[in-house]
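Heads up: the structure comes next, in structure tokens.
No lab work stands behind these numbers, since they all come straight from the coordinates. The structure displayed is predicted, hence computed values, not measured ones. Cβ atoms come from the backbone with ideal geometry, glycine included; neighbour counts cover every protein chain shown.
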Amino acid sequence: MAEQKPSAIYLKDYTVPNFLIDKTELTFDLDETQTIVTSRLHLRRNPESKVQTSALVLDGGEDVKLIGVAIDDYALPEQEYTIKDDKLIITATPNEFVLTCETMIEPQNNTKLEGLYRSSSMFCTQCEAEGFRHITYYLDRPDVMSIFTTTIIGDETRYPVMLSNGNEIERGKTEEGKTFVTWHDPFKKPAYLFALVAGDLEVLNDSFTTMSGRDVKLQIFTEKHNIDKVDFAMDSLKRSMKWDEEVYGREYDLDIFMIVAVDDFNMGAMENKGLNIFNSSCLLASPETTTDDAYLRVEAVVAHEYFHNWSGNRVTCRDWFQLSLKEGFTVFRDQSFSADTHSDVVKRVEDVSFLKTAQFAEDAGPMSHPIRPASFIEISNFYTLTIYEKGSEVVRMIHTLLGEEGFRKGSDLYFERHDGQAVTCDDFVKAMEDANGVDLSQFKRWYSQAGTPRLTVTDSYDEQAQTYSLTIQQMTPPTPNQPTKLALHIPVKVGLVGQSNEALSFTFDGQTQDEVVLHVNDVEQTFVFENVMSKPVPSLLRGFSAPVKLDYDYSTEQLLQLMSGDPDGFNRWSASQQLAVNELNKLIAQYQNGAQFSEETPLVEGFKALLADESLDPAMVALILGLPSQAYMSELADKIDPQAIKAAREHLRGIAAKALEVEFKHVYESNASNEAYQASAEQIAKRSLKNAALSYWVASGSDEAKAAVVRQYRNADNMTDQFAALSCVVHFNLAEADELLNAFFEQWKHEALVVNKWLMLSAAREHENGLAQVKALMEHPSFDIKNPNKLRSVIGGLGQNVDAFHNLDGSGYAFLADQIILLNKRNPQIASRLCTPLTRWQRMVPALAEKMKGELERIAREDLSKDVYEVVSKSLA
Ligand code: 0A1
Ligand code: ZN
């Protein structure tokens, strides 16, 4: 580890800032080698601070060079300030003053992609969470909110477009003949929402009339060759603006809203005030180059960033421990938007399946943390599935508890009460409580307690009394630093299904109903349903009403029954998943015991009924056909045995494919269409079923299917069908695999985002020497280690390549560790994320666990960035 171990900071140590910055005036003199930043900060002591000090401590970075600093135009001599641990400390300051600071930065050498950096030929910024301090010295914390005025000076020919937050207020020429543009943002904001972009960009213009009748100018900027791919994003933006008005009563505030696409970006996108910056993978879309999944992602991310304008920008976080205040709430909002736009059940299944796979795994590992963490070493490590996805589930539970109207009253009060403020998760819950006159104090434990609660359910039916009882026990397993847990308030939505698939009504709380939300708030509770006419099958946790693991000992017959008859669409899927999980677990055990695989499965019966029922939503059918993923089965395993899981999945798919070859062929053919591509719910649903059926059909070994998949590849007029076919060809290693992979690259080598898909598929390809193939990809001319998307493609592909990554000789893990070490200083955020698979070492079968641990120990011997240090040290603790 590094000589000096990075230390943690704690939520309990929060104090208000000693100084406030009322106004921030910035000037950027952009240049290819040195960018000069001049800041004029209008500072004053914070009347609410208990610390009476005249010393001002500003955050900076090792990459910021101070040229000069002045107070009220008095240039400070060197003895009046110091720079220590990247902080600028000015020993004595007046009560109120203007601090002028001149600094120099080198955006072209910024490989961390935090602060001001170059992406292709443009300048852009990323300031969340603590990137602004890499631009200039500042009070870089979200509770310091300021009015920003930004002047950008640059060469007109190279940077005809120069953007920042707010409205353009001035433009002209400097004495040296450069162009300057001044932007003013009338809304107070923390520095993490600051943004600047400069480049030779093309724009798509549009407009939106708000509910009060104001015209807002909408602009999407990209590099010239991509401007034909932003129509869908623009349409998504307008629909998001409308939705936020209708569902939350939130109107956009500035006169202009801009989005810029950049190629090099550590995350998906960023909600900078009035100037969102997007990873191009989350913005660009065209039928020929973009799959349906990617379309839906563009729509969701555009909505997410737009919704932040209220949940995040107008009302922001007091400190970074409160990150889920804006992220959990905003994810809940974008999920609801997508559910309203497409099918709510399908959307819910997709979100839950992601949560149960990835967030549950995080919550069971060494980085497990509550949605409001109590401490961290590096905040960048906390942009996690727990903060985002579990955070959203917690907001969703509040919604379930209060109902649609109550929730809206709560959100109205929250926005009204806290507009222009930096607040806490407690403030959010308080608004929900006050608006509805309810007490959520026990519920608030969700904010401070980590780990996935487990509910164990047993039942009994009294035929004579016609009562049905459900006994529910809750238990949350220990997580790092939280050995014991308190009982949570868990909303469990339940319905009862009768023997012939009818919804059974019952009396509960004195009322006749057919669905009820049980308030589980004790370690063990029994709920009694009266007037239940026959012995029911319980449909538990409908719609996944809480982010928990649920154990109820369903028989195969009961699961088949729920799968076809539960009125709750989500639980039909859930039953099918449970059935498939049970079947896979049997096969995994057979593989591990060296026994013969069974050749029969009740899943065939379930699938057959499903495929025959043409009244079902094709998207739902496709989801049910999707076997539990390698990752999900790993999450469920006691000790993860990747080879066994892979073999079991392939075998189970093979059985279903062979037994239902005719049905799959029929479904494939009847869902084909020759309409022009649209990213509509209806078309997406049909394509997803068609392509799911295709892959089963090919898995059956049928020659006709093999010909069909190659034909689909060659005839496809959209990326969804083309890539689905290619994936099938590669996955089943058909004779055409090499030829088509090469043809695909040749066809798309000028489309960076498509090349990324090719990189991923090639890295994931099972091969005698998969690792050599991955190494070759990293030498390929289309690869660029500086580009996070390409790195994620190749390393992500390797992660899916079971044989190559989990090779018993440890070579896959060693290769990953090499990349982490290489990127550790160059791009710490990415390096730290790449550690994720290794953090699971304790869950692996012993032979693999040893190898993973060895690699973590090797990484730990390096001089580590804070990001990587935190993940690696917690994993080895
Ligand atoms: N607030 C953004 C996520 C984000 C966070 C950090 C970033 O840079 C390291 C970039 C984006 C969102 O929720 O979309
Ligand atoms: Zn967000």
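Take every DSSP beta bridge whose two residues both sit in the chain; close to 80 percent of them are antiparallel. Placing unit charges on the Cβ atoms only, positive for Lys and Arg and negative for Asp and Glu, gives segment 13-308 a dipole magnitude near 560 debye about its Cα centre.
Relative to the current alpha-carbon distance between LYS173 and ASN109, full extension at 0.36 nm per residue lengthens the span by 20.3 nm. Around the amide H of GLY451, modelled in the peptide plane, lie the amide H atoms of HIS369, all under 5 Å away and 5 or more residues distant in sequence or on another chain. Look at TYR552, TYR713 and count the other Cβ atoms within 10 Å of each Cβ; fewest to most, that gives TYR552, TYR713. Computed from point charges on the beta carbon alone (+1 for Lys and Arg, -1 for Asp and Glu), the dipole magnitude for the chain about its Cα centre is near 1320 Debye. Taken along the Cα-to-beta-carbon direction at a fixed 7 Å, the label points for ALA743 and GLN466 span 6.6 nm.
Exposure proxy check: GLU704, GLU288 ranked by fewest other beta carbons within 10 Å?
Numbers: GLU704 12, GLU288 15.
Going from least to most buried by this count: GLU704, GLU288.
Highest mean packing comes first when the peptides 592-598, 370-376, 95-101, 195-201 are listed by Cβ atoms within 10 Å, giving 195-201, 370-376, 95-101, 592-598.
On average, how much area does the Cα convex hull of segment 13-308 cover when viewed from any direction, in nm²? Before the final figure, lay out each step's value.
Working: hull surface 67.7 nm².
Averaged projected hull area, Cα only: 16.9 nm².
Taking other residues whose beta carbon is less than 11 angstrom from the beta carbon of SER534, and scoring Lys, Arg as +1 and Asp, Glu as -1, yields -1. For segment 169-257, a simple Cβ point-charge model (Lys and Arg +1, Asp and Glu -1, everything else neutral) yields a dipole of about 160 debye relative to the Cα centre. On a 0 to 90° scale, report how tilted helix 661-670 is relative to the longest principal axis of the chain, with both axes built from alpha carbons and the result rounded to the nearest 10. Long axis of 661-670 versus the principal axis of the chain: about 50 degrees.
In this structure, the residue pairs whose Cα-Cα separation is over 19 Å, taken from LYS238/LYS390; LYS189/LYS326; LYS390/LYS851; LYS775/LYS866, are LYS238/LYS390; LYS390/LYS851; LYS775/LYS866. Dividing the mean sequence gap of close Cα pairs (under 8 Å, 6+ apart) by how many residues segment 481-536 holds gives a relative contact order of 41 percent.
Do any of LYS430/LYS874; LYS50/LYS444; LYS347/LYS853; LYS485/LYS549; LYS65/LYS786; LYS224/LYS749 go past 26 Å between their Cα atoms, and which?
Result: LYS430/LYS874; LYS50/LYS444; LYS347/LYS853 exceed 26 Å.
Count the net charge of all other residues whose Cβ sits under 11 Å from the Cβ of THR458, scoring Lys and Arg as +1 and Asp and Glu as -1.
Details: positive: none; negative: ASP459, GLU524, ASP551, ASP553.
Summing Lys and Arg as +1 and Asp and Glu as -1 gives -4.
Each Lys or Arg adds one and each Asp or Glu takes one away; over the other residues whose Cβ falls under 12 Å from the Cβ of PHE221, this sums to -2.
Remark: relative contact order (segment 30-137) = 35 percent; criterion is Cα-Cα distance under 8 angstrom and separation of 6 or more residues. Any chance you could give the angle, 0 to 90 degrees and rounded to 10, that helix 323-341 forms with the longest Cα principal axis of the chain? With rounding to tens, the tilt is 50 degrees.
When the chain is described by a simple charge dipole with +1 on each Lys and Arg Cβ and -1 on each Asp and Glu Cβ, the residue from SER793, VAL69, TYR461 located farthest towards its positive end is VAL69.
Over segment 334-386, all Cα pairs binned in 10 Å intervals from 0 give whole-percent P(r) values of 22, 39, 28, 11, 0, listed from short to long.
Considering only THR91, GLY115, THR53, and ranking their Cα positions along the charge dipole of segment 1-127 that arises from unit charges at the beta-carbon of Lys, Arg, Asp and Glu, the one farthest toward the positive end is THR53.
Using the Karplus relation 6.51 cos²θ - 1.76 cosθ + 1.60 with θ = phi - 60°, the per-residue 3J(HN,Hα) values for segment 359-365 come to 5, 4, 5, 4, 5, 9, x Hz, with x marking Gly and Pro.
The distance between label points at GLN525 and ASP206 comes to 4.6 nm (points 7 Å beyond Cα on the Cα→Cβ vector).
In the chain, the longest principal axis of the Cα atoms and the axis of helix 602-612 are about 80 degrees apart. Close amide-amide hydrogen proximity is noted between SER146 and LYS189, each under 5 Å apart and 5 or more residues distant or on a separate chain (H modeled in the peptide plane; Pro and chain starts excluded).
Can you tell me the relative contact order of the chain? Whole percent, Cα pairs under 8 Å, sequence separation 6 or more.
Relative contact order here is 9 percent.
Can you put ILE169, ILE795 in order of Cβ neighbours within 10 angstrom, beginning with the fewest? Spell out each step's value before the answer.
Numbers: ILE169 11, ILE795 24.
Ascending number of Cβ neighbours within 10 Å: ILE169, ILE795.
Ordering GLN442, LEU385, GLN335 by the projection of their Cα atoms onto the charge dipole of segment 315-447, which places +1 on the Cβ of Lys and Arg and -1 on the Cβ of Asp and Glu, puts GLN442 at the extreme positive end. Across segment 744-756, rounded Karplus estimates of 3J(HN,Hα) from the backbone phi angles (6.51 cos²θ - 1.76 cosθ + 1.60, θ = phi - 60°) give 4, 4, 4, 5, 10, 4, 9, 10, 3, 6, 6, 4, 4 Hz, Gly and Pro being marked x.
Normalized C-alpha radius of gyration of segment 554-701, against 2.2 N^0.38 Å?
Numbers: Rg = 15.6 Å, N = 148, 2.2 N^0.38 = 14.7 Å.
Cα Rg divided by the expected 2.2 N^0.38 Å: 1.06.
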